[in-house]
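Down below is the structure, laid out as structure tokens.
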Amino acid sequence: MSVFASSPAASPQEAAAWSPRRQLLTDLRSVRGRAYPRITGLFREKSWVFFEILLPFLATSAFVFVYRALQAPPEYVGFVVLGGAMTAFWLNVIWMMASQLWWEKSQGNLELYFAAPMSFMAILFGMAVGGLVMSSSRALVVLAVATLLYGVSFAVDQWLLLLAVFGLTLAALYGLGMMLASLFLMWGREAFHLTQLFTEPVYFVSGLNFPVARLGLLGALALGTIPLAVGLDAMRQLAFVGAEFPVGTPSPEVEAVILVVMTAVFVLAARWTLNVLERRARQEGRLSVRWQ
Amino acid sequence: MAVGPSGSGTTSPSATTTGDGLASPAWGGFDPARARGRDVRDHWRSFRTAAHLGWLMEANWTDPLLFFIYSVAKPLSAALILVVMVEIVSGGADPAYRAFVVVGTALWSLVLAGIAGLAWSILDDRERYRMLRYVYVSPSDFQVVLLGRGVARLAVGAMGAFITIAVGVVLLGVPFDPLRVDWLLLIVDLALGLWVIVAIGMLLAAICLQTRQESWSYPEALAGALFLVSGVVFPLAVLPSALQAIGMATPLTWWIEGVRHAAFPDMPSSVGGAGSLWSTLTGTAAPDAATIIVALLGTGAVVTLAATGVFRVSERRAKDRGLLDQTTGS
């Protein structure tokens, strides 16, 4: 029988009929391959240092000066600096995770992804890894420079828990990004407008520059649904121990559990939406049509 | 050198044009005179078409309700972030400052939209729709087309700014008395401000001609940096003197000061005030209307000249290096 004979299969992986080991290696290579341009891009495009590190740092500084104009307690400046650093990750999730598949579709790469014998989750995971490295450099610079320049003093009792919460926040954020990537693709052209909706409004309900507890019910809703809100609140409680700011939010331990649940839910939801998407892609063939 | 048939060196190509619509000239070559055009009517037609296309892309392709929500939610949320910050610290004891930040953030949404409109037109057409090469080689003036595309987003930004100020007046205690508004100053200041915003947008569009797809966030980054030095949400007096000087050299500072001066006369000045560089240098508490307009004109002219120069250099470099049709991705 010819090797080119048609054999119905549910997916390219099934059609390839590779061993589990080979399948795993292919998926790992996909992760590396998708992360590669983002990490390499850090060094190839010099303008990003100016536009993605220096300028956002200045934007963060503006909020520091608002608190200074109001003669706010010094820990509020720390809240702004921490929030400013975390925006790097949020913007990355929205612009380079959630919107990415739609852009891939516009560029003609999406159909290649669907046709290749690899897990689509590997592509999303690779995007997340690359984006994480990219954003971490920006967040780190903003945090370090602003801390030195504005004299932010952190008071940390539980370093391990703080690091764990930070890691969980990133996991939940990028899990959300993986889920949104499929949804944004399904929503088509609305996706671009949705990225707008997911910036300032999310900053507001997440309490980016102020304790989220001040928002009452709205803040509580944000804590239950937006990883940025719950992660920031937990990190503020852990990084500014003893600071006087509105209480009323769960303890960092509870918020860490919320982040674990969010991560699991978002990743599972991403997997489910991807399966739905892939089925539609094969059945309707519309997902490879550009600009819709 | 004229493009013409071999051996017809003395014959002007345009002289041999048949005049039959789009048919080739009699000598069979390309007559550049046909594509020259570029009088005011051509520019207007290009601008109008580009603006219409930009509006269709901005609005018609989106669910109207969603379009309205996203147009308003962004500036309104930006204002609410600052309102909550003010309320947390002052406990509601500083309504004047609350009004100051609401007006500042509302106006800033216009800046953001204006800058993004031009830069995103480049990225949209090059990276997504891959039409930039065709737009560029069309007889339309490239800058006029860009301006047209940017105007659509500017209109969306203006809507957001207007609604944010309206919400501020109705719900957040922003004092507004139409009888006390200096309408002439407001109109002149708004017109000059729009011109400045477009110039800055053109500058960033020139930069985006050189960069890659990830430049989507550049307008926001640039606007964020200018936000610090333009007296948008706090008076310049809280900044170090060097930053105050940079702020006073920025036309957007004078534009926002002009709008506040004209429409909200009781609002504190963002340029002057106790301890400000302005007061130290001039001995006056705050700039008057004439000073604001002169400063806006002067700084705006510098930015416009810079934008024009940078755009020309960028355009030439993009042509030399084939960047106009080079798509990127990561």
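The values are calculated or read from the model by the stated rules, or taken from the named source; none is laboratory data. What you see is a predicted model; the values in this text were computed from it and never measured. Neighbour counts are summed over all protein chains in view; Cβ atoms, including those assigned to glycine, are modelled from backbone coordinates with ideal geometry.
Values as computed for the structure displayed
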read-out	value
B:LEU110 vs. criteria at the interface with chain A (Cβ under 7 Å from one of its Cβ atoms) and either closer than 18 Å to A:ALA62 by Cβ or of a type in the set (D, E, K, R) (or both)	no
Helices (runs of 4 or more DSSP H) (entirely within the range A:100-197) containing at least 1 residues that are among the β-branched types (Val, Ile, Thr) and surrounded by fewer than 21 Cβ atoms within 10 Å (Cβ to Cβ)	A:120-150, A:190-197
Matching entry among A:ALA17, A:ALA72, A:ALA35, A:ALA85 (being aliphatic (A, V, I, L, M), at pLDDT below 90 and at negative phi)	A:ALA72
Given (1) over 24 Å from A:VAL129 (Cβ atoms); (2) of a type in the set (S, T, N, Q); (3) away from every other protein chain (no Cβ under 14 Å), index of the condition A:THR169 fails	(1)
Given (1) assigned to a helix (DSSP H, G or I); (2) within 15 Å of A:MET86 (Cβ to Cβ); (3) under 19 Å from the mean Cα position of the chain (by Cα), number of the condition A:LEU238 does not satisfy	(3)
Verdict on A:THR273 being more than 14 Å from chain B (Cβ to nearest Cβ) and assigned to a loop (DSSP other than H, G, I, E, B)	no
Hey, A:LEU180 at pLDDT 90 or above and away from every other protein chain (no Cβ under 14 Å) or not	no
Any hit, the range A:64-87, residues being outside any helix (DSSP H, G or I) and under 29 Å from A:ALA9 (Cα atoms)	no
Count - residues of the range B:129-158 that are surrounded by fewer than 21 Cβ atoms within 10 Å (Cβ to Cβ), at pLDDT below 90, farther than 18 Å from B:ASP325 by Cβ and among the aliphatic types (A, V, I, L, M)	1
Residues of the range B:248-270 classified as in contact with a Gly (Cβ under 6 Å, 6 or more places away or on another chain) and without any contact (Cβ under 8 Å) to a residue 60 or more places away in the chain, total	2
Any hit, the range B:88-106, residues being of a type in the set (Phe, Trp, Tyr), facing chain A (nearest Cβ under 10 Å) and either assigned to a helix (DSSP H, G or I) or touching a helix residue (DSSP H, G or I) at 6+ places or on another chain (Cβ under 6 Å) (or both)	yes
Selection status of B:LEU82, more than 12 Å from every other protein chain (Cβ to nearest Cβ) and out of contact with any Asp or Glu (no Cβ under 9 Å at 6 or more places or on another chain)	no
Selection from the range B:136-154 of residues that are over 15 Å from B:PHE311 (Cβ atoms) and either away from chain A (no Cβ under 14 Å) or in contact with a Lys or Arg (Cβ under 6 Å, 6 or more places away or on another chain) (or both)	B:VAL137, B:SER138, B:PRO139, B:SER140, B:GLY148, B:VAL151, B:LEU154
Count of the range A:206-221 residues which are surrounded by fewer than 22 Cβ atoms within 10 Å (Cβ to Cβ) and of a type in the set (A, V, I, L, M, F, W, C)	6
Count of residues meeting criterion [in contact (Cβ under 8 Å) with a residue 40 or more places away in the chain and in contact with an Asp or Glu (Cβ under 8 Å, 6 or more places away or on another chain)] in the range A:236-277	7
Scope the range B:113-135; condition more than 14 Å from chain A (Cβ to nearest Cβ) and within 30 Å of A:LEU70 (Cβ to Cβ); matching residues	B:GLY114
Qualifying residue in the range A:255-266 (condition: hydroxyl-bearing (Ser, Thr, Tyr), within 13 Å of chain B (Cβ to nearest Cβ) and under 16 Å from the mean Cα position of the chain (by Cα))	no
Meets criteria (in a helix (DSSP H, G or I), out of contact with any strand residue (DSSP E or B) (no Cβ under 6 Å at 6 or more places or on another chain) and more than 16 Å from A:VAL66 (Cβ to Cβ)) for B:LEU82	no
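Table: residues versus (1) in contact (Cβ under 8 Å) with a residue 12 or more places away in the chain; (2) among the charged types (D, E, K, R).
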site: A:ARG38; (1), (2): yes, yes
site: A:SER47; (1), (2): no, no
site: A:LEU58; (1), (2): no, no
site: A:ALA69; (1), (2): no, no
site: A:PHE79; (1), (2): yes, no
site: A:TRP95; (1), (2): yes, no
site: A:ALA115; (1), (2): yes, no
